[in-house]
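Step one of this worksheet: look at the structure below.
The values are calculated or read from the model by the stated rules, or taken from the named source; none is laboratory data. Just so it is clear, the structure is predicted and the values come from calculations on it, not from any experiment. With ideal geometry, Cβ positions are generated from the backbone for all residues, glycine too; neighbour counts draw on all protein chains shown. Surface accessibility is based on the protein's heavy atoms, side chains included, excluding ligands, DNA and RNA. Shrake-Rupley method; radii C 1.70, N 1.55, O 1.52, S 1.80 Å.
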Amino acid sequence: MYKIPSLPTNKTKPQAIAILTSGGDSPGMNPAIRGVVRAALHKGIKVYGINKGYSGLIIGDMVEMDSASVTNIVQRGGTLLKSDRCLAFKDPTVRHQAALVLKEKNIDALVVIGGDGSLTGAHLLTQENNIKVIGLPGTIDNDIYGTDDTIGFDTAVNTALDAIDKIRDTALSHESLFLVEVMGRNSGFIATHVGIACGAEMVVVPEYEIKPETICFQLANNRLLGKGASGIIVVAEGQTPGLTTHLANVLAQHKLEAKVCILGHIQRGGSPSGHDRVLASCLGSTAVNYLCAGYNDVMIGVRDNAITETPLKDIIEKNKKLDDTFFELALLLHK
Ligand code: ATP
């Protein structure tokens, strides 16, 4: 349960808002869209759904939404509005064009659901043009400053766990070692959570260097403790493609044979978990309250179980760090 702020509706309540999803899709974007649409309609605000993120915005590809537009989507993965990566939006003249599209339709504010790249685009749009923006953290990576949780993270962790529990059966039957790669180019949030929850023998994340010798030592120690020869090592994908295969090759040089399993995009899809549905619904509907209270240029997230706002500027400038103690816990539990 989240503590939802009670916000005043100020006199400049928007008449019409638009909503888009951008960057990598994440499970829970649909309930977030539904939350925005239903809360806005409840307040008598028109809502336009923009197709394909910023790519759709700059060409005015949008439709007015009603309550029925978001029927039967709360349980669906992906995003009803589709998503895209639109490099052109990095150009200020293109963002100006996007603002004109919104103004022509008398749209006062834009709700952007996406990762830190998408939120950067939203921040620049409002800074350069007289359009209000509110961001929602929609990414499986949970790597956004200003929020403890992001829409899709819980589902992605559970999807990875479901797969790893199955891999564990094979690992035990064949007494083999698996390196399971999960998503996380710059951050080890997914890997660390998954590692703790699946009882991984080791977790490898971009934030900390783990030497192959440490992995070999850990697995040799497991055998001495009578834990058998099988094992799961969870590896965050990191920035270099092929990192997990490379690690398997390095371990082979240390006479430790490991099979590689890359979970990949399976982690992005699927029905959002109950947790993500509730989170997304609360963030989506509260975003409308923030707009009605006159807020602009903020992301609505969750801190200490309370829905709260953070300036988009801070989200862009500051990094969310994986907690040292939390990561150490992931390693300690398997000794
Ligand atoms: P995820 O990392 O979860 O996939 P994201 O939102 O960080 O999500 P990006 O590909 O980084 O994904 O960004 C999505 C889109 O946001 C970009 O394609 C672009 O349209 C816009 N965007 C990203 N960075 C900027 C920027 N610096 N200036 C303007 N727009 C940006």
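Quick check: anything in region 195-218 open to solvent by less than 10 Å² (accessible area, probe 1.4 Å), under 18 Å from D162 (Cα atoms) and of a type in the set (V, I, T)? Among the residues of region 195-218, at least one is open to solvent by less than 10 Å² (accessible area, probe 1.4 Å), under 18 Å from D162 (Cα atoms) and of a type in the set (V, I, T), which makes the answer yes.
Yes or no: K3 open to solvent by 40 Å² or more (accessible area, probe 1.4 Å), more than 24 Å from G60 (Cβ to Cβ) and not aliphatic (A, V, I, L, M)? Yes.
Kindly establish whether D108 is touching a strand residue (DSSP E or B) at 6+ places or on another chain (Cβ under 8 Å) and not β-branched (V, I, T). For D108, the condition - touching a strand residue (DSSP E or B) at 6+ places or on another chain (Cβ under 8 Å) and not β-branched (V, I, T) - is met.
Considering only region 292-300, I want to know if a residue exists there that is touching a residue at least 12 places away in the same chain (Cβ under 8 Å), assigned to a loop (DSSP other than H, G, I, E, B), open to solvent by less than 60 Å² (accessible area, probe 1.4 Å) and aliphatic (A, V, I, L, M). Lay out the reasoning, then the answer.
Of region 292-300, the ones touching a residue at least 12 places away in the same chain (Cβ under 8 Å) are 292-300.
Filter once more, keeping what is assigned to a loop (DSSP other than H, G, I, E, B): 293-297.
So of that shortlist, the ones also open to solvent by less than 60 Å² (accessible area, probe 1.4 Å) come out as 293-294, 296-297.
Now restrict to residues that are aliphatic (A, V, I, L, M): 293.
Within region 292-300, one or more residues are touching a residue at least 12 places away in the same chain (Cβ under 8 Å), assigned to a loop (DSSP other than H, G, I, E, B), open to solvent by less than 60 Å² (accessible area, probe 1.4 Å) and aliphatic (A, V, I, L, M).
Restricting region 1-53 to residues that are in a loop (DSSP other than H, G, I, E, B) and touching a Phe, Trp or Tyr at 6+ places or on another chain (Cβ under 9 Å) leaves a set whose member that is nearest to I113 (Cα to Cα) is S22. Checked against the criterion of being aromatic (F, W, Y), open to solvent by 10 Å² or more (accessible area, probe 1.4 Å) and out of contact with any helix residue (DSSP H, G or I) (no Cβ under 6 Å at 6 or more places or on another chain), the candidates Y48, Y145 yield just one match: Y48.
Scanning for something β-branched (V, I, T), within 18 Å of D324 (Cα to Cα) and outside any loop (DSSP other than H, G, I, E, B), does region 181-193 turn up at least one residue?
In the first step, residues of region 181-193 are kept if they are β-branched (V, I, T); the result is 182, 190, 192.
The next check asks that each one be within 18 Å of D324 (Cα to Cα); those that pass are 190, 192.
From what is left, the residues that are outside any loop (DSSP other than H, G, I, E, B) are 190, 192.
Checked region 181-193: at least one residue is β-branched (V, I, T), within 18 Å of D324 (Cα to Cα) and outside any loop (DSSP other than H, G, I, E, B).
Here the condition is being aliphatic (A, V, I, L, M) and touching a Gly at 6+ places or on another chain (Cβ under 9 Å); of I107, I50, I59, it holds for I50 alone. Picking from residues in region 107-124 that are in a loop (DSSP other than H, G, I, E, B) and open to solvent by 10 Å² or more (accessible area, probe 1.4 Å), the one that is nearest to the ligand (Cβ to nearest atom) is G115. Being surrounded by fewer than 20 Cβ atoms within 10 Å (Cβ to Cβ), away from the ligand (no atom under 15 Å from the Cβ) and in a helix (DSSP H, G or I) is true of D162. For region 80-121, residues that are touching a residue at least 40 places away in the same chain (Cβ under 8 Å), hydrophobic (A, V, I, L, M, F, W, C) and over 28 Å from A68 (Cβ atoms) total 2.
When residues in region 224-247 are screened for being open to solvent by 10 Å² or more (accessible area, probe 1.4 Å) and outside any loop (DSSP other than H, G, I, E, B), 5 of them pass.
Quick one: in region 53-100, which of the residues that are hydroxyl-bearing (S, T, Y) and within 11 Å of the ligand (Cβ to nearest atom) is least open to solvent (accessible area, probe 1.4 Å)? Looking at residues that are hydroxyl-bearing (S, T, Y) and within 11 Å of the ligand (Cβ to nearest atom), I get Y54. When region 248-258 is examined, which residues are found to be touching a residue at least 12 places away in the same chain (Cβ under 8 Å) and open to solvent by less than 100 Å² (accessible area, probe 1.4 Å)? Once the filter is applied, which keeps residues that are touching a residue at least 12 places away in the same chain (Cβ under 8 Å) and open to solvent by less than 100 Å² (accessible area, probe 1.4 Å), region 248-258 yields A248, V250, L251, H254, L256, A258.
Pairing each residue of region 259-284 that is crowded, with 23+ Cβ neighbours inside 10 Å with any residue that is among the polar types (S, T, N, Q) and at pLDDT 95 or above, provided the two are 6+ apart or on different chains, yields C-beta distances under 7 Å for Q267/T159; P272/T155; D276/T155. Close contacts from region 1-26, counting a first residue that is within 30 Å of L87 (Cβ to Cβ) and away from the ligand (no atom under 16 Å from the Cβ) and a second that is open to solvent by 80 Å² or more (accessible area, probe 1.4 Å) and not acidic (D, E), with Cβ to Cβ under 8 Å and a gap of 6+ residues or different chains, come to A16/K46; A16/K105; A16/N106; I17/K46.
In this structure, is G146 among the small types (G, A, S), near the ligand (Cβ under 10 Å from one of its atoms) and in contact (Cβ under 8 Å) with a residue 24 or more places away in the chain? Even if it seems obvious, please write down each step before you answer.
Values: among the small types (G, A, S): yes; near the ligand (Cβ under 10 Å from one of its atoms): no; in contact (Cβ under 8 Å) with a residue 24 or more places away in the chain: yes.
In short, no.
Note on region 126-143: residues that are under 18 Å from S55 (Cα atoms) and near the ligand (Cβ under 8 Å from one of its atoms) total 1.
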